[in-house]
Amino acid sequence: MAKNRGLSFYRRKKKISSAHVREIFSWLFGIFTAVFIAVVLNVFLGVTTNVVGVSMEPTLYNGQQIFINSFLYLISSPKAGDVIVFLPNGNENTHYYVKRVVAGPGDSVLIQNGILYVNGEASPWVEEKLAEAGIAAEEFTVENGEYFCIGDNPGNSEDSRSANIGPVREEDILGKVWFRAACEEIGMGFVK
């Protein structure tokens, strides 16, 4: 006679195959890799803004989207020639300013007869005669943690020469302009 199988509360244990384990780990690895790449891209290229005004022409134009490397200045400091993005005096209620660093901590700055002198030599970063000397009419030394910045179009630029902007404090710098929307690198020979 056949035994009645009926309800059984005992199940046979299923063994987990190595193929299932490999598939689970490949999914976890893929997810981890995607998250890692997203974090890296966000740190290096995640901050974007648009240029406001004509102060950086012909390098950058009004309304142009730029990518900002906010990680770089965590491991190094701005250098003369870098195009940086900052909030003037840390004021979060204003737009980001985009200017070129022309002098760093310990450098002496003087604008005389329309020429910017850094450490007694004419700055290679400002080719145009400066009509306004502003705070640099008298020679001064840039303090530690500060940078003297000027727009590439200095006749139409509110920058470190202005008393209400002055030298830019390092903690107010968001980062270095790394790429334009057209993905051309700034300050490394690709953009003239």
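The values are calculated or read from the model by the stated rules, or taken from the named source; none is laboratory data. As the structure is a prediction and not an experimental result, all values here were calculated from the model. Neighbour counts run over all protein chains shown; Cβ positions are idealised from the backbone, glycine included.
Restricting to the stretch 135-153, and then to whatever is without any contact (Cβ under 8 Å) to a residue 40 or more places away in the chain and buried (at least 16 other Cβ atoms within 10 Å of the Cβ), can you tell me which residue is farthest from Ser55 (Cα to Cα)? I'd like the intermediate steps shown before the answer.
At the first step, the residues of the stretch 135-153 found to be without any contact (Cβ under 8 Å) to a residue 40 or more places away in the chain are 135-144.
Now narrow it down to the ones that are buried (at least 16 other Cβ atoms within 10 Å of the Cβ): 135-136, 142.
Numbers: Ile135: 18, Ala136: 18, Val142: 22 Å.
Result: Val142.
Output the residue which, of all residues in the stretch 98-113 that are farther than 20 Å from Glu128 by Cα and touching a residue at least 40 places away in the same chain (Cβ under 8 Å), is nearest to the chain's Cα centre (by Cα). Write out each step before concluding.
Within the stretch 98-113, the subset farther than 20 Å from Glu128 by Cα is 104-107.
Filter once more, so that each one left must be touching a residue at least 40 places away in the same chain (Cβ under 8 Å): 104-105, 107.
Numbers: Gly104: 17, Pro105: 20, Asp107: 23 Å.
Looking at residues that are farther than 20 Å from Glu128 by Cα and touching a residue at least 40 places away in the same chain (Cβ under 8 Å), I get Gly104.
Just to be sure before I move on: is Ala80 hydrophobic (A, V, I, L, M, F, W, C), without any contact (Cβ under 8 Å) to a residue 24 or more places away in the chain and either out of contact with any strand residue (DSSP E or B) (no Cβ under 7 Å at 6 or more places or on another chain) or within 27 Å of Asn144 (Cβ to Cβ) (or both) in the structure I sent?
Numbers: hydrophobic (A, V, I, L, M, F, W, C): yes; without any contact (Cβ under 8 Å) to a residue 24 or more places away in the chain: no; either out of contact with any strand residue (DSSP E or B) (no Cβ under 7 Å at 6 or more places or on another chain) or within 27 Å of Asn144 (Cβ to Cβ) (or both): yes.
Taking the combined requirement at face value, the residue does not satisfy it.
Take the residues of the stretch 154-169 that are aliphatic (A, V, I, L, M) and surrounded by 12 or more Cβ atoms within 10 Å (Cβ to Cβ): which is farthest from Pro105 (Cα to Cα)? Before you say what the answer is, go through the steps one by one.
Taking the stretch 154-169 as the starting set, the residues that turn out to be aliphatic (A, V, I, L, M) are 163, 165, 168.
Pick out the ones that are also surrounded by 12 or more Cβ atoms within 10 Å (Cβ to Cβ) and you get 165, 168.
Values: Ile165: 16, Val168: 11 Å.
Within the stretch 154-169, the match that is farthest from Pro105 (Cα to Cα) is Ile165.
If Gly175 meets every condition in (1) among the small types (Gly, Ala, Ser); (2) touching a helix residue (DSSP H, G or I) at 6+ places or on another chain (Cβ under 7 Å); (3) surrounded by fewer than 20 Cβ atoms within 10 Å (Cβ to Cβ) apart from one, which number is that one?
(3)
Would you confirm, using the coordinates I've provided, whether Ile68 is out of contact with any Cys (no Cβ under 8 Å at 6 or more places or on another chain), touching a residue at least 40 places away in the same chain (Cβ under 8 Å) and over 12 Å from Ile173 (Cβ atoms)? Steps first, please.
On the way: out of contact with any Cys (no Cβ under 8 Å at 6 or more places or on another chain): yes; touching a residue at least 40 places away in the same chain (Cβ under 8 Å): yes; over 12 Å from Ile173 (Cβ atoms): no.
No.
Looking at this structure, is Val177 touching a Cys at 6+ places or on another chain (Cβ under 6 Å), in contact (Cβ under 8 Å) with a residue 40 or more places away in the chain and under 21 Å from Ile66 (Cβ atoms)? Even if it seems obvious, please write down each step before you answer.
Numbers: touching a Cys at 6+ places or on another chain (Cβ under 6 Å): no; in contact (Cβ under 8 Å) with a residue 40 or more places away in the chain: yes; under 21 Å from Ile66 (Cβ atoms): yes.
So Val177 fails the test.
Would you confirm whether or not the stretch 108-117 contains a residue that is small (Gly, Ala, Ser), under 29 Å from Val47 (Cβ atoms) and at pLDDT 90 or above? Please lay out each step first, then the result.
Pass one, the stretch 108-117, residues small (Gly, Ala, Ser): 108, 114.
If we keep only those that are under 29 Å from Val47 (Cβ atoms) as well, we get none.
No, the stretch 108-117 contains no residue that is small (Gly, Ala, Ser), under 29 Å from Val47 (Cβ atoms) and at pLDDT 90 or above.
Filter the stretch 54-81 for residues that are under 16 Å from Pro154 (Cβ atoms) and touching a helix residue (DSSP H, G or I) at 6+ places or on another chain (Cβ under 7 Å); which is surrounded by the most Cβ atoms within 10 Å (Cβ to Cβ)?
Going through the qualifying residues, I end up with Ser55.
Return a yes/no flag: does the stretch 45-68 have any residue that is over 28 Å from Pro124 (Cα atoms) and modelled with pLDDT of 85 or more.
No: the stretch 45-68 contains no residue that is over 28 Å from Pro124 (Cα atoms) and modelled with pLDDT of 85 or more.
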